[in-house]
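See structure below.
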Amino acid sequence: MPIVYDITHTTVYRYKTPVSFGLHRVMFRPRDSHDLRVLATDLQVSPEAHVRMIQDPHSNSVALVQPMGEATELRIVCSFTIEHVPTPPDELALDPSAEVLPFAYSLEERLDLEHYLRPHHDDPDGTLIRWAHQFLHTDQPNSTREVLTRMNAHIGQSLRYAARDEEGTQTPLQTLTLGSGSCRDYALLMMEAARRLGIATRFVSGYLYDAALDTGEAEGGDGAAAAAAEPGQPVTGSGSTHAWLHAYLPGAGWVAFDPTNNLMSSTQLIRVGVARDPALAAPISGSWFGEAGAYEGLEASVAVRRVSG
């Protein structure tokens, strides 16, 4: 049964004195597909801005926002309604040739997956490959799905979650050394480890539904939709943008893994942008011009309300 969500993403930049603004890239519109349909979208910018929509090389929808004039505050409010019908993980059957590691992609797949197969971060001492190999059996065949499932669960269980407001992502080696990271750090760690096992992966930016933060009421006014959320422990990373990864598995396609919450292909994961590296999927990026030290900081919040389903 389809699930309908209302989502509002608010970002506010504040400055001590009036500043002018350069072009801002805003990635907020969810990706339409067989499992996700965008019903309505709205983008409000203050001060007044010129807005045009483009598609980037990964076919993500990007709003190019050029604020006009000077201001002490830049406010960007993205809101949309979506219908989500994800396929349960147990229905995502793998091609027989890909059920056991190592497997080989077809020539056509390798041509399209090249940038998702090649590691993007150095591992000079083999630390990351040794870390990845701990999920492989030495005395029996390694189920592709089971290896990824074990890795997905291990990251959230063995590392300490640490939210960060500043831009950028830790390298996988930094995350392992620190023993902690944010959702985007967890996603990148698993991406790079899986690539070293021969599995194509990509970074996903989006939103996470948490029934505990849903203050709206479902159709009928009794809160049934929020109460019908997936069972399990409280999720981590809601209330702001979230990050996870896709692994390309022949026969199943792009399969979602969220190591922060040990989720797979969940109705709670609402994708917006995909990229071969986290740096290419920032929700908002841009520039401003003014007095040195004028920047005071930003506030960002995400509200995800389950309307029906």
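The values are calculated or read from the model by the stated rules, or taken from the named source; none is laboratory data. Nothing here was measured: the structure is a model prediction, and the numbers come from that model. Heads up, the Cβs are rebuilt from the backbone with ideal geometry, glycines too, and the neighbour counts pull from every protein chain shown.
Could you tell me which numbered condition A226 fails, if it satisfies all but one of (1) touching an Asp or Glu at 6+ places or on another chain (Cβ under 6 Å); (2) modelled with pLDDT of 95 or more?
Against the list (1) touching an Asp or Glu at 6+ places or on another chain (Cβ under 6 Å); (2) modelled with pLDDT of 95 or more, A226 comes up short only on (2).
Could you check how many residues of segment 256-274 are in a loop (DSSP other than H, G, I, E, B) and of a type in the set (V, I, T)?
Qualifying residue count for the region: 2.
Which of (1) surrounded by fewer than 16 Cβ atoms within 10 Å (Cβ to Cβ); (2) polar (S, T, N, Q); (3) more than 30 Å from D139 (Cβ to Cβ) does T41 not meet, given it meets every other one?
Just one mismatch for T41, condition (1).
Looking at Y207, Y186, Y248, which one is modelled with pLDDT under 95, surrounded by 15 or more Cβ atoms within 10 Å (Cβ to Cβ) and among the hydroxyl-bearing types (S, T, Y)?
Y207
Can you name the residue in segment 141-179 that is among the small types (G, A, S) and under 27 Å from Y13 (Cβ atoms) and is also surrounded by the most Cβ atoms within 10 Å (Cβ to Cβ) among such residues?
Taking the candidates together, the pick is A162.
From L92, L111, L101, L117, grab the single residue that is of a type in the set (A, V, I, L, M, F, W, C), more than 30 Å from E296 (Cβ to Cβ) and exposed (fewer than 15 other Cβ atoms within 10 Å of the Cβ).
The conditions single out L111.
Would you mind listing the strands (runs of 3 or more DSSP E) fully within segment 1-55 where at least 3 residues are under 25 Å from G239 (Cα atoms) and touching a residue at least 40 places away in the same chain (Cβ under 8 Å)?
Correct list: 3-21, 24-26, 36-46.
For (1) part of a loop (DSSP other than H, G, I, E, B); (2) in contact with a strand residue (DSSP E or B) (Cβ under 6 Å, 6 or more places away or on another chain); (3) modelled with pLDDT under 95; (4) closer than 19 Å to W244 by Cα, each residue gets a yes or a no:
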site: I129; (1), (2), (3), (4): no, no, no, no
site: A132; (1), (2), (3), (4): no, no, no, yes
site: T138; (1), (2), (3), (4): yes, no, yes, no
site: M151; (1), (2), (3), (4): no, no, no, yes
site: R164; (1), (2), (3), (4): yes, no, yes, yes
site: G168; (1), (2), (3), (4): yes, no, yes, yes
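For segment 56-85, how many residues are buried (at least 19 other Cβ atoms within 10 Å of the Cβ) and assigned to a loop (DSSP other than H, G, I, E, B)?
The number of residues fulfilling the criteria is 1.
Condition check: modelled with pLDDT under 95 and under 27 Å from R305 (Cα atoms). Does H58 satisfy that?
Taking the combined requirement at face value, the residue does not satisfy it.
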